[in-house]
Each structure stands twice: as C-alpha cells, then as structure tokens.
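The values are calculated or read from the model by the stated rules, or taken from the named source; none is laboratory data. From a predicted model like this one, the values you see are computed outputs, not experimental measurements. No Cβ is skipped: glycine too gets one built from the backbone with ideal geometry, and neighbour counts run over all protein chains shown. For the accessible areas, the whole protein counts, side chains as well, though only heavy atoms, and no ligand, DNA or RNA atoms are used. Shrake-Rupley method; radii C 1.70, N 1.55, O 1.52, S 1.80 Å.
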Protein chains: 2
Amino acid sequence: MARRDRMRLGAFLYPGGHHVAAWRHPSSDADAGINAAHYRQLARTAEAAKFDLIFLADGVSIRGDDLDALSRTAIRYVGQFEPLTLLSHLSAVTERIGLVATASTTYNEPFHVARKFASLDHLSGGRAGWNLVTSADPREAWNFSRESHLAHANRYARAEEFVDVVRGLWDSYEDDAFVRDREGGRFFDPDKLHLLAHEGAHFSVRGPLNVPRPPQGHPVVVQAGSSEAGKALAARTAEVIFTAQQTLEDAVAFYADVKGRMAAHGRDPDHLKIMPGAFPVVGQSEAEAQDKFAALQALIHPVVGRSLLEQLTGADLSAYPDDAAVPELPETNGGKSRQDLFLRLARREGLTIRELYLRAASARGHWTIVGTPAQVADALQERFEARGADGFNIMPPTLPGGLDDFVALVLPELRRRGLFRDAYEGSTLRENLGLPRPPHRIPSAARGSPERGAA
Amino acid sequence: MARRDRMRLGAFLYPGGHHVAAWRHPSSDADAGINAAHYRQLARTAEAAKFDLIFLADGVSIRGDDLDALSRTAIRYVGQFEPLTLLSHLSAVTERIGLVATASTTYNEPFHVARKFASLDHLSGGRAGWNLVTSADPREAWNFSRESHLAHANRYARAEEFVDVVRGLWDSYEDDAFVRDREGGRFFDPDKLHLLAHEGAHFSVRGPLNVPRPPQGHPVVVQAGSSEAGKALAARTAEVIFTAQQTLEDAVAFYADVKGRMAAHGRDPDHLKIMPGAFPVVGQSEAEAQDKFAALQALIHPVVGRSLLEQLTGADLSAYPDDAAVPELPETNGGKSRQDLFLRLARREGLTIRELYLRAASARGHWTIVGTPAQVADALQERFEARGADGFNIMPPTLPGGLDDFVALVLPELRRRGLFRDAYEGSTLRENLGLPRPPHRIPSAARGSPERGAA
C-alpha cells in the first residue's frame, strides 16, 4: 500500500511542452507531435526518474475556428499522434512506468475503449490507465456525423453508463479463465466466461470482451472533470483525478469535497488519488526562473493568447479590447469547470483581458510555480501536506527541456525531504499508486450458478 | 518500382499459429494471444527475413455460440491483443517491415480509423497498412448497440463511403503544411489545411484530421473480401488484396478478374498487389512434412471442427452426421466468398462433412501446401508465374515454429531462384511493395483557390 508521506507524480507529456509558445523555444522539439524518438526519450527519462505514470491528453478535432491563431500553435490538436497508438509504442521501450491515455466517452463505443485499454494493459504488463473525459467542442461532433454536441448533463449521463459498461466488459473473463490445457484440449474454462448483457439508456452491449481480464483486473480509471457532474462521477468511479486548482484554498476544498463524497458509494478515500496539474518553471535562482518564464511569455502571439482564452472559456470576447476588465461571461455548453476557474481568477486578481490571456495561455489554467528547486518543492509540499493533493501531474513548460529540469533540479529536493520514491514499489501502475486490484464483478460464491452468462 | 520477378511476402501472425489446433502443439506458444514477447520475436524474425509486412486479422466479438467448441480454440477471437495497439507496440522494435492491421468499416467511425492509421504511419516512419473489412457476424452488432448486423449490400455501400472519407481525411494537410517557423511564429501554413466537409449517405465528416499527412501520403489500403461487391471495391480502392483460393485455376481467374476491372477506374494493374493466403507445412522430406501435418490434424477436436465449419459457411449442419455428403447450403447473410469457396471445394472433391471440416479447420479455407522446401517453392513459383498472385500472405501453421521453418527452409530456396529479395528496397511499406505514393487529393494547380476549405 502507498504511504501518504510520499507524493504520486505524473509526467504529462504534451508535444513540445505545456507552454502555449513552447514550440518556438529552443528547449523544445518543434516537431514533437509526430516525433516518436522525442516521446521515447521522454518516457525513458520519466521512468528513470520513477514517475508513477506518463499522461496524454486527447481531442478528436482541432480546437478553434480562427485559422490564423490555430496555425500559430502546436498544442490545439492541430497535428499530433493519437494517444493510444503512441502509448502502445512507448510500452515497448519502458518496463515500469504507468501509461495513461485520454479517451472520450462522447464519440467512442465502450467496446472499443474497453478492448484497447485491456490490450494496452496486457502489452505493458499491467501499466495502463484510462483518462475518461467527455467531449465539449462542437467541432468534435462534426467529425462524427452529428450536428451538435451533447448538452453537459447528457454527456455525463452517457459517461456514467459508459464507464459501467467498460468495467463490466473488463470482467468478461475471470482472472484464471485461460487454463490452456494442451493435453485435455481446453483453452479456457467456459464456466469463467461471463456475458455482460448490458441494456441501458445509451448502450446495449452483450459482450464478452474478447480480451482476457487485464493484469490489473481493470486498468486504472482516471478522470479530469471538476464540474458538479464530474465530481459525482469521480467519487463513484475514479481512482485518480487530474484537476486544475490555482490556489491552496481551492485545492483543499476540492480534495475534501470529492473524498467526502466517496463514503456514499462505499469507497475508501485512499482509493482515489487526487493529482492536480502543476506547471513548474525552475531555475537555479529565482531570477533565472523568472527569466525563463518571461522568455516563454514573450513568445506568445496576441492572436494566440486571445483565441486560447476564448476556447478555454467558451465565450466570445471580440467586443472587449485587450486592456478592458474581464466581463461577466454568459453560461455556455462548453466545459464548465474551466470557465468557472478563469472567471474566479479574473475576479480575484482584477485582471484585464490581456492579463488573463497571458495567464491562461501559459499553462491553460493550471497552477504555475516559478522558482528555485527549493521554492517549487516548498509549494508542492505545502499543498500535499495540507491535503490539497495526493500528488501532482507535472506539466513541463517545454519538452524535453522542462522535464529534464524538473528531474535534475526538483526531484532531488523532493527526495531529500522524503517526499518521493527512490525506486518503484511494484510492477503495475496500481501497485505503484497504492490502489487495490478490483475483484471480479461476480462474487466467487455466485460463480457457476445459473445466473452466470453463457455465450 | 517493384520487379514483377520478385514475390511480395506477408507474415500473417495469428496468435499461436493458423492451424486451428496450433495452441495444443509444442511448436506454438499457448499464451501467444496476450504474450507481447512472442509477437516481438515474430516481428523481428519476419523483418530479419525481409518480409514485406506483418498482417493481423481482427474481430470485434467472439465467433460462435457453442461454448464447448469456443473454449477449445485459441483463434476465434476468444481472447487476444487488439491489432492496432499491438502493431503500435511492434513499431517500436522494428525498423523496416510493414505493419498491416485489420479494422472493420461496419462498427467504426472513419475519423477514428483515419487517425489511428495515420498515427501508426508516423510512429513507424511510413510502414502502416489498413486492411479494410466489413463485419458479418451478428455477435459483433450486439457489442455495438445494434440489434442485427447490416445486410451484405449495405455493409459494402458503407465501406465504399468509409474508405473515401478516410482517404479524404488523410489529405487534411498538404505534405509540406507544417513549416514550424519558430522565428516567424507560424507552426503550419493555413493555406495548406483543407477541410473535408464530407456529406454522404452514411457519414457526415467535416475534418480536418488532426494528424499531419502520413509519411506514405496514405497508409497502404488492403482489402480481404472476394465477393462481387468486394472485388468492385478492391478494383476501385485497394492496393493489396488478401484473398483465399484453393486452386491455381481459381487464383488465375480471380487475379485476371480484379486486375481487369481496374482500367475502368483509371488505375494501373501494377498498383494492386494480389497476395493470397498460403498455409505451408514444411519438412526436410515429404514424409516429415506429412507427419507434421498429420500431428496437427490429430489435435483437432471434432466439436471444434464442426463448429468452425458452421461458422465459416454460416450454415446449420447439425442435422447431418459426420459421414454424410456436404449438402446444398442455403444462402445466408454471412461472408459470401467463404461460403462459395467451401461449397465448391466439397463438390469438386465429393467430401463428407468430416472431411470438409478437417480441411476447413486446418487452414480455414486457405491454400494448404504440405511438402519439402523445393515443393513449397515450386507451388508458390507456379502460382506467381501463372499470374495467380503477386505474392503471398504466409500463414504459418504454428507460431513461432511454423514461421521459423518457412524462414529457414523455404526462403533460401526462393532466394536461390531469384524470387525473393535479399534486402529491403525502400524504407516505407509502399516503397517495398512497389506502390506509388498517392498525390494529395487537391491538385496543386487548384490550391490556394477560393474552393479550398478553411477552418
């Protein structure tokens, strides 16, 4: 079991880095999005440093309509690897690190998602995780023969059912179903095959999944939404939450809120690891760190900053000049949690449009820490010890440079303080995160009874 | 360009081998379906031997309702890796061999298929191929919230539109769209992004695909259907055909038929490589080969043989005893080409049910060659030179044993005859197969005109 005195750390790999202008900076690979050697190097670096996992985001459309702004960015899903193919590739060059990919419940089929993550779990010897998201961009709907995207409530109703179907499919076989008895001519024990026979509002899925039960039982289920519906889903089903909080206060409130909801589902709060994003800009001195950050900020084109702010908030800001105060934003059908986050940030600090877009564009709403290794470690330690986080999803500003910096400068400091591991505890992602292996959905006492499914 | 005097060869990897009882034989890995090391070894063996490609089949359900029969086989999609995750994994441990995976047009979205194969093409440096199939098993429909599967004609109409959408999406960007101009702050040239804006009977897909144009322009499009609708689709769109013919006569007729249809689409017959399946059982002597085959046949359980025959023909044969002559089979909604093949085979040779199921089960209707290295090479050479094939998709009876045999015994014989390469000619699958790189769908003269799509 994981010790609460050690942080969990994810390496969130974003093509050339998380800063919106990273691709223009010499410490990033400009062609990172389709450079397999770049990702292999990052994965090996993160594994050598004993990160719990690498994390990949996803989007099934470009994000935006403003071609001028889009063509000046590398990170709005304009052109890069698809995450499951990339992680499967990386599973062949790593041995211990977890592999978490995002896949939307809105424009996928649960059978495909269950199957691909089960396959990745087998390929990697139990290192797969699925970051379950809903899709909020209308451009995604237009790529899948739909006229408009689902309303927020419907997206979450579909997601709730989707995750249940996926988990049910992962239990199509019992762990020891495949006996492979050459002499007796029995490849699997038919009593250990269970049909799902799911019939719900959104899906009708018979099963079985045609992959043996994953090494982890179930790949780790990660979730990224922070809206009310997102928190409800997470409390019931998530094992890791990737979230965005700017302040310690918000982080502690979110942590207590979500963990507090778990008892109602009969869940142990330790079985959910909350890992907010953290965007660290590290320098040997504070001045060096500030200079690094300023150099990146200077590379943000105004067209890119405004466009990204509009995408993140779902609001049309074209009527407001750069130096106007951020207006009250109307409610949209987009991702609610990000919109709230930026509104609160702008109100709290009285920001103008320009100030907000520079803040938003740099780390897209994630917690930005600019400082020395000790300052970055202090900030992470404070939030960890205050129970605002069980760990962090580290979002390097540039890649590979920003990951190399974090590994070389911050990790030794965290280790000196006993806050991060020196060696992997286990061989699966679950073991390293300190998450229990899920029992099969059919209690062993009920197996072999007439209720069991038969193909 | 490829020389017509050299064969193309695929290594069709099926978990523990293509023989239905392979998993029971000591020269196969019984746990092959979820053994990543097994597949890495096979991929490296095939690449060292200079095979053009490795080929993976797929099914999105288990294949059958008879649990007793299913639980005695390893090859009816009861439990194994999903092909695209597996090929992405193998792309990290190989450098030159082509990587072809099957994906159905019936229960997938063209955006997902276009994206994953484009991603694999980038991951592998231009080695991806997509084997386009339609799904004929009702159990597949039941995994995707549908009550019944599409009728044969509708499946092909959907497939025709599907492949056009996928190809259109691969051309979302021009080859040189990503300029990555750090100084000027322009990541891609917006004039080189083209929306698809497809509106058809089955799909409405706006695009663009959020992956740069693949290194091969388009991954190689492979097709496996041999029905009338399948041949029509292949003549218009396929670049490789994987097919099943038992006799030289059938193979020559199929080859002439499909290549003859290409002129109507303005296509050069050389731009389609016909690669029938071949199931070689090789021994140093003819007696050793026959003994090897007999040992495998003896491992076929009668329940498995009958069940597989029923699955392949789509017919209910339970009313006929094993020693009855094969009856006239009623037309079904299943795969037509296999049904025809087995009916013809049974009539030609006057087979009983038992004789047919032993024949069908061994290689599932593919051409079985049992003999010495010279005899196997003779058979392949005859069919190649008679223009019954441009090459073969080799289906080893057991894996890894059967592939090792073919590489050690047959390939040297083919090389002595000048029929197979000593070294790869190119670095992409297209280059090795001798297929042209597709130009972008928008002629260069029309680019930059008002018709071009704009996001």
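Numbers for the structure displayed
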quantity: The range A:105-119: number of residues that are open to solvent by 10 Å² or more (accessible area, probe 1.4 Å) and in contact with a Gly (Cβ under 9 Å, 6 or more places away or on another chain); calculated: 0
quantity: Matching residues, the range B:354-375, being crowded, with 21+ Cβ neighbours inside 10 Å and assigned to a helix (DSSP H, G or I); calculated: B:LEU356, B:TYR357, B:ARG359, B:ALA360, B:ALA361, B:SER362, B:ALA363, B:PRO373
quantity: Meets criteria (in contact with a strand residue (DSSP E or B) (Cβ under 7 Å, 6 or more places away or on another chain), within 30 Å of B:PRO276 (Cβ to Cβ), open to solvent by less than 50 Å² (accessible area, probe 1.4 Å) and not aromatic (Phe, Trp, Tyr)) for B:VAL221; calculated: yes
quantity: Residue count, the range A:146-189 (criterion: of a type in the set (A, V, I, L, M), in a loop (DSSP other than H, G, I, E, B) and open to solvent by less than 30 Å² (accessible area, probe 1.4 Å)); calculated: 1
quantity: Residues of the range B:408-446 classified as modelled with pLDDT of 95 or more, open to solvent by 20 Å² or more (accessible area, probe 1.4 Å) and in a helix (DSSP H, G or I), total; calculated: 7
quantity: Residue within the range A:194-206 that is part of a loop (DSSP other than H, G, I, E, B) and of a type in the set (Ser, Thr, Tyr) present; calculated: no
quantity: Number of positions in the range A:128-142 that are under 30 Å from A:LEU195 (Cβ atoms) and either within 14 Å of chain B (Cβ to nearest Cβ) or of a type outside the set (Val, Ile, Thr) (or both); calculated: 6
quantity: Answer residue from the range A:77-96, given it is over 23 Å from B:ARG180 (Cβ atoms) and of a type in the set (Val, Ile, Thr) and is farthest from the other protein chains (Cβ to nearest Cβ) among those; calculated: A:THR94
quantity: Hey, A:GLU286 in contact (Cβ under 8 Å) with a residue 24 or more places away in the chain, surrounded by fewer than 17 Cβ atoms within 10 Å (Cβ to Cβ) and touching a strand residue (DSSP E or B) at 6+ places or on another chain (Cβ under 6 Å) or not; calculated: yes
quantity: Single unsatisfied condition, B:GLY125 versus (1) outside any loop (DSSP other than H, G, I, E, B); (2) under 28 Å from B:LEU53 (Cβ atoms); calculated: (1)
quantity: Subset of the range B:376-407 [over 23 Å from B:ALA21 (Cβ atoms), open to solvent by 30 Å² or more (accessible area, probe 1.4 Å) and part of a helix (DSSP H, G or I)]; calculated: B:ASP378, B:GLN381, B:GLU382, B:GLU385
quantity: Selection within the range A:143-183 - more than 13 Å from every other protein chain (Cβ to nearest Cβ), of a type in the set (A, V, I, L, M, F, W, C) and more than 16 Å from A:HIS112 (Cβ to Cβ); calculated: A:LEU150, A:ALA151, A:ALA153, A:ALA157
